[in-house]
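Peer 1: I'd like to ask you about the structure that follows.
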Amino acid sequence: MAKKSSSAPPVGSHTGNGGELHQTNTGPGRLTTNQGLPVADDQNTLTVGPRGPQLLEDFILREKITHFDHERIPERVVHARGYAAHGYFQAYESHTELTKAGFLQDPSVKTPVFCRFSTVAGSAGSHDTARDVRGFSVKFYTDEGNYDLVGNNIPVFFIHDAIKFPDLIHAVKPEPDRGFPQAQSAHDTFWDYVSLSPESMHMLMWIMSDRAIPRSFRMMEGFGVHTFRMVNAKGESKFVKFHWRPMLGTFSLIWDEAVKIGGADPDFHRRDLFNSIAMKSFPEWELSVQVFTEDQANGFDFDVLDPTKLVPEEIVPLTPLGKMVLDRNVDNFFAETEQVAFCPSHVVPGIDFSNDPLLQGRLFSYLDTQLSRLGSPNFHQIPVNKPKCPFANFQRDGHMQTEVPTGRVANEPNSLDNGVLREDPAHGFTTYPAQESGQKLRIRTESFADHYTQARLFYVSMTEPEKRHIAGGFAFELGKCVEPKIRTRMLGHLNLIDQDLANKVAESLGMTGKADSIEPVVKVREPNPSPALSQYTKAPNSLAGKKIGLLTTDGVDAKLYKALMKSAKAEKAIVEVITPTIGKIQTDKGDEITPDHFLSGAPSCLFDVVVIAPSSENAGMLSSQSAAVDFVRDAFGHLKIIGYIQSATTLFDKASVATDADEGVIDVTGAKLSQMIDVAKRHRIWDREPNVRAF
Ligand code: HDE
């Protein structure tokens, strides 16, 4: 007889902290088949003799492999890569005048939410830091049913009309003949399409800006994009635009840094969200609306139904509604993050739509795509999608029906079930009775025709570093286009947006004077800058939520280490220790430290601020490591605040970074550490940029 290998230890029943979202297991410790049969051996298939053929009879093997073979479902056609968490929303006060939506009435009520962030173009396995718009979807499990606010981190969109969406997405996805590039807009089909669609110009400015490479989901704004309606109990309606503002402030990566993070940690954003919540440093966002009447909207010099336009906050300021806190990681990525189904048509009484043609198209698309993605019209029964309030109707059957509806009747009206389920005209959803009339037309309204003024508005509202990055973004992406005609066409559009921007991009491409001449349909107007559009104008001076990387060695100065930990904690930041090897190190006082990373796996792009502090005995060894040299050089190139102690100077020499290069390179010996912490709150040394990246 062949000797049997030992079976894996029994698996206990899994109970996560979610309470309701986990699979049912049998008794503790017992592994079974899906039919509940206890499994005696889960490691060896049934064979004839010890080396003989496998038997078809082995139903345990077949059940396990068959289930595995069908584990994957289609990924989302857009927003395939995402990460999510649970939390709650709480209104600051009652907003009765504005809306009758129940979850905005009572400040003592915490409405559970599920929030998913995503990139758009890449597939589920792509990297987090691609240049892309980020999805920002929130499902509010309200007492009146689920409300889904399915937004993005950019307040405008590429196109006016839903009928163009498949073309836009086909253009940005990998080119169909060759199947690349993955998760990138920097290729011919994308730029060819958008350069032939002038309505994309405003969104392109945002996509080429720092907004498209956020530092963290926790430091990212969100927008409903379209104009929506809010309706109060008196039936009065106002238009609204939704805004989410992160309490930590809005911050971004530097492009070169984003590219390097893509290799060093493709899960950078999801790891960041997961770890923050696990450490109980819960991310928060304020939900606000811009509220305006139809009359006000008629007075604007753009059409509020046009999703390529925003309403400047200088014209309509934000009204804060409440706060969202994400305080619980998912128990199971597939069951929750992957299977969640958001849908812009999931509204509650008090929230309604506008005639934005992009929004109207979305109202159809989401349910439709979810039918094929989740495989059945019963996907609302999946725990993460299920309303937390009671729900009941006479919809029946279908694939994967998991409920057992009882009773003889599945129709209404009926007189057989004592009228249990009936409509509720007093509380049910009623559509706002907007007055509509007109011919049926397939045309583009002239009120959407100005494609350049708000693109210019965005550019002129930026700070100098933000402007530089936009120019750099265009130059990088157009430089990746093979067809020169795409570049000359785009330069023609940029000439209409801003001459200086167009010149910078043309110069970077070596194509000065090569722009196409493009005639706008309507004259480009000179907008008043909107400082609210610049993320760095309103960024807080703060280290909260950020990460300091301490590159050190055995024998690290215990005093410095402790002082750094203490200062970081006081600023709500964290310190992670990086050493050339991952084993424990000792301070000069003999205390043990377990490093968080070993050097070759943790380049400086993973940290917001770095401190280089080897012991004097090990400084030579550290400076002989190319990863350490790159660590310092990249931190400087990425405009980071760099702290150092004297023993690090050889390493700085090797990295060609002068220790007195600028105010961001700081000796942190003794009391000078607090000076570094203060400077680090500024996030980057923007003035360094022209010295490290000539434009
Ligand atoms: Fe989406 N979008 N979209 N979109 N969208 C989807 O629905 C679609 C648009 C957004 O985390 C899909 O379930 C059309 C704007 C987010 O699960 C699909 C149009 C905005 C997510 C779909 C748009 C968004 C999606 C793919 C043009 C910002 C991820 C998978 C009319 C306001 C949701 C799915 C999640 C997902 C269609 C444009 C946001 C195919 C047709 C504008 C955040 O239904």
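Readers should treat all values here as calculations from the given coordinates under stated rules, not as data from a laboratory. What you see is a predicted model, and the numbers here were worked out from it, not measured in a lab. So basically every Cβ, Gly included, is an ideal-geometry build from the backbone, and we count neighbours across all protein chains shown.
Peer 1: If neighbour count is taken as other Cβ atoms inside 10 Å, put 147, 432 in order from fewest to most.
Peer 2: Arranged by neighbour count, lowest to highest, 147, 432 become 432, 147.
Peer 1: Moving to a separate point now. Around residue 327, which amide H atoms from residues at least 5 apart in sequence, or from another chain, sit under 5 Å from its own amide H, with H modelled in the peptide plane?
Peer 2: Placed amide hydrogens put 86, 87, 88 under 5 Å from residue 327.
Peer 1: Run the Debye formula on the Cα coordinates of segment 501-623, all scatterers equal and no solvent, and tell me log10 I(q)/I(0) at q = 0.15, 0.22 1/Å.
Peer 2: So the normalised log intensities work out to -0.76, -1.25.
Peer 1: Here's a follow-up. Please list, short to long, the whole-number percent of alpha-carbon pairs of the chain in consecutive 10 angstrom bins beginning at zero.
Peer 2: Histogram of Cα-Cα distances, whole percents per bin: 3, 13, 21, 23, 19, 13, 6, 2, 0.
Peer 1: For residue 667, what residues show an amide H to amide H distance below 5 Å, using hydrogens built from the backbone and excluding near sequence neighbours?
Peer 2: 644
Peer 1: Would you compute, from DSSP H runs of 4+ residues alone, the mean residue ellipticity of the chain at 222 nm, taking -39500 (n - 2.57) per run and dividing by the full residue count, rounded to the nearest 500?
Peer 2: Details: 18 runs with 177 residues, N = 695.
It comes out at -7500 deg cm²/dmol, rounded to the nearest 500.
Peer 1: Among 480/504; 110/538; 164/523; 260/681, which pairs are too far apart, with a Cα-Cα distance over 19 Å?
Peer 2: On the way: 480/504 17 Å; 110/538 29 Å; 164/523 25 Å; 260/681 23 Å.
Pairs exceeding 19 Å: 110/538; 164/523; 260/681.
Peer 1: Could you tell me what a quarter of the Cα convex hull surface of segment 484-564 works out to, in nm² with one decimal place?
Peer 2: Details: hull surface 43.3 nm².
Here the figure is 10.8 nm², rounded to one decimal.
Peer 1: Using 0.36 nm times the number of residues separating residue 256 and residue 694, minus their current alpha carbon distance, what extension gain do you get?
Peer 2: So the chain would gain 156.3 nm between residue 256 and residue 694.
Peer 1: Kindly put 99, 337 in sequence by how many other C-beta atoms sit within 10 Å of each C-beta, fewest to most.
Peer 2: On the way: 99 27, 337 20.
By the 10 Å Cβ count, ascending: 337, 99.
Peer 1: Using the per-residue mean of other Cβ atoms lying within 10 Å as a proxy for protection, in what order, highest first, do the peptides 86-92, 657-663, 173-179 fall? Intermediate results must be reported in sequence, preceding the final value.
Peer 2: On the way: 86-92: 19.9, 657-663: 14.3, 173-179: 12.3.
Packing order, densest peptide first, comes out as 86-92, 657-663, 173-179.
Peer 1: I would also like to ask the following. Under 13 Å from the 7 Å Cα→Cβ point of residue 621, by amide nitrogen: which residues of segment 554-587?
Peer 2: Answer for this model: 554-556, 579-587.
Peer 1: I need the Debye-formula profile for segment 55-97: one equal scatterer per C-alpha, no solvent, reported as log10 I(q)/I(0) at q = 0.23, 0.29 1/Å, two decimals.
Peer 2: One equal scatterer on each Cα of segment 55-97 leads to -0.88, -1.03.
Peer 1: Enumerate the lysines that residue 238 could reach by cross-link, defined here as Cα to Cα under 23 Å, with residues fewer than 8 away along the same chain left out.
Peer 2: 100, 139, 309, 323
Peer 1: Another question, then. How compact and how long is segment 135-209, expressed as Rg and Dmax of its alpha-carbon atoms in Å?
Peer 2: 15.3, 49
Peer 1: Given all pairs of different Cα atoms, what value in angstroms does the Kirkwood hydrodynamic radius of segment 82-381 take?
Peer 2: On the way: mean 1/r = 0.0504 Å⁻¹.
Computed over segment 82-381, the radius equals 19.9 Å.
Peer 1: I need to check one value: relative contact order of the chain, counting alpha carbon pairs closer than 8 Å and at least 6 residues apart, in percent.
Peer 2: Working: 1320 pairs, mean separation 79.6, N = 695.
Relative contact order for the chain comes out at 11 percent.
Peer 1: Then there is this: For residue 134, what residues show an amide H to amide H distance below 5 Å, using hydrogens built from the backbone and excluding near sequence neighbours?
Peer 2: 153, 154
Peer 1: Arrange 170, 683, 67 by Cβ neighbour counts within 10 Å, fewest through most, would you? Mind showing how you got there, number by number?
Peer 2: Numbers: 170 14, 683 24, 67 11.
Ascending number of Cβ neighbours within 10 Å: 67, 170, 683.
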